[in-house]
1. Report the relative contact order of the range 289-360, percent, no decimals, based on alpha-carbon pairs under 8 angstrom and at least 6 residues apart.
2. Along each of its three principal axes, how wide is the spread of alpha-carbon positions in the range 187-230, in whole angstrom units, largest first?
3. Any idea what the alpha-carbon Rg over 2.2 N^0.38 Å comes to for the range 60-197?
4. Can you tell me the dipole magnitude for the chain around its Cα centre, using point charges on the Cβ only (Lys, Arg +1; Asp, Glu -1), in Debye to the nearest 20?
5. For the chain, take every pair of Cα atoms, bin their distances at 10 Å starting from 0, and report each bin as a whole percent.
6. Rg(Cα) of the range 289-360 divided by 2.2 N^0.38 Å?
7. Would you mind ranking VAL288, VAL42 by Cβ crowding within 10 Å, fewest neighbours first?
8. What does the helix-only formula give at 222 nm for the chain: each DSSP H stretch with n ≥ 4 adding -39500 (n - 2.57), the total divided by the residues, and the result rounded to the nearest 500 deg cm²/dmol?
Amino acid sequence: MPPAKLYMFLQAKANYLPMHNSKKDFIIPVFIPHAGCPHQCVFCNQNTVTGWGKSIPSHEDLSDIIESFLDFKGKNRNRVQIGFYGGNFLGLETGIIRRLLFTASKYVADGLVDSIRFSTRPDTINDNKLDLLENFPVETIELGVQSMNNSVLMLSKRGHTYFDTINAVYMLKKRNYEIGLQMMIGLPGDDESISLATAHSISALCPDFVRIYPTLVLAGSPLAVLYKQGKYKPLSIEQGVSISKKIYLAFKEHNIKVIRMGLQATDDLKEGTSVIAGPYHPAFGHLVYSEIFFDNIFHVLKSGHSDFKNIIIKVHPKSISMLRGLKNKNIQKIKELFSLKSVEVIPDISLLRDEVKTEFTDRV
Ligand code: SF4
């Protein structure tokens, strides 16, 4: 099917989620680092010779992992899923895919888990692999898209093109999977406008959710060599936050949920991995949301309310620290910029997690 027709099909099949569903999924993470991946992307620090495929849990180990998490699933959550992460799931041998799904499926059949999810490369999606999944309760598939620019994909040594992603999403939508797309910023050859164009191309594919990851220079990766040779310049933390903010807002405009911004040391980085350079911050997403909140309040005050000296800002209780910013930075900046006497922050459960309401209490 030509790309234009594919896009039209994908948009007709759009299945939007509300922004910030209040209850989160409880995901039982099963990490299979680099398993099923014979590639060597420039930013990845996998050891293709010694590491490939050694991290796949046995039936017993997988059962132990799942059961160790089940006790903690609680009640105040959305669905429970077993998630295979960190590798190229559909790149595994067919027998291994079947074995892992078979073990996980038993927990779904027993009513302890709702469904299964995994992440994989766009170029591993084909009819044979998808036929294989038909007998298992797989609900969500995430694709490592990284960029929708072929030159960036080539410089990043991804080994696939943007068309593989369009095609993969088309095939997944036809079979009604929930789809998550992961993109990266700051890749070799990338810049702000290319990243934004990627975000717009991804939005046109109407995924159910996205993740945004800044490129980091990891020890042992080919990118570390380029960095040391002065051939790659990583984004600063400020640039990473600013670009992520614009991308988040682009996705928000299309009502596409952003479920993660930035890598988490515990979940996404292999134990012992060191970050040589790049926009790493343990609370990267928090920094992005803080800038968004700051911009919102700044624009309200700038657009005609600057004669008030006391303001009340209402925000969802779970977003208070993001509104305040690290070390209360946002509040201090707002106070100084607009010579305010007081800024009161009040929790309001009726608001969305990324929404603020402002009230002004007096006039000078
Ligand atoms: S990033 Fe993913 S696809 Fe690339 S080398 Fe690492 S595991 Fe393989």
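Only the coordinates and a few stated rules stand behind these numbers; no lab work does. All of these numbers come straight from a predicted model, not from anything done at the bench. For neighbour counting, all protein chains shown are included, and Cβ atoms are generated from backbone atoms with ideal geometry for every residue, glycine included.
1. Working: 106 pairs, mean separation 35.0, N = 72.
Computed value for the range 289-360: 49 percent relative contact order.
2. Taking max minus min along each principal axis of the Cα atoms, the range 187-230 gives 38, 20, 11 Å.
3. Working: Rg = 16.7 Å, N = 138, 2.2 N^0.38 = 14.3 Å.
It is 1.17.
4. Numbers: 43 positive and 36 negative charges, 137 e Å.
Its charge dipole is roughly 660 debye.
5. Values per bin, smallest distances first: 5, 22, 30, 25, 12, 4, 1, 0.
6. On the way: Rg = 11.0 Å, N = 72, 2.2 N^0.38 = 11.2 Å.
So the Cα radius of gyration is 0.98 times the expected 2.2 N^0.38 Å.
7. Taking fewest neighbouring Cβ atoms as first place, the list is VAL42, VAL288.
8. Values: 13 runs with 136 residues, N = 364.
For the chain, the value works out to -11000 deg cm²/dmol.
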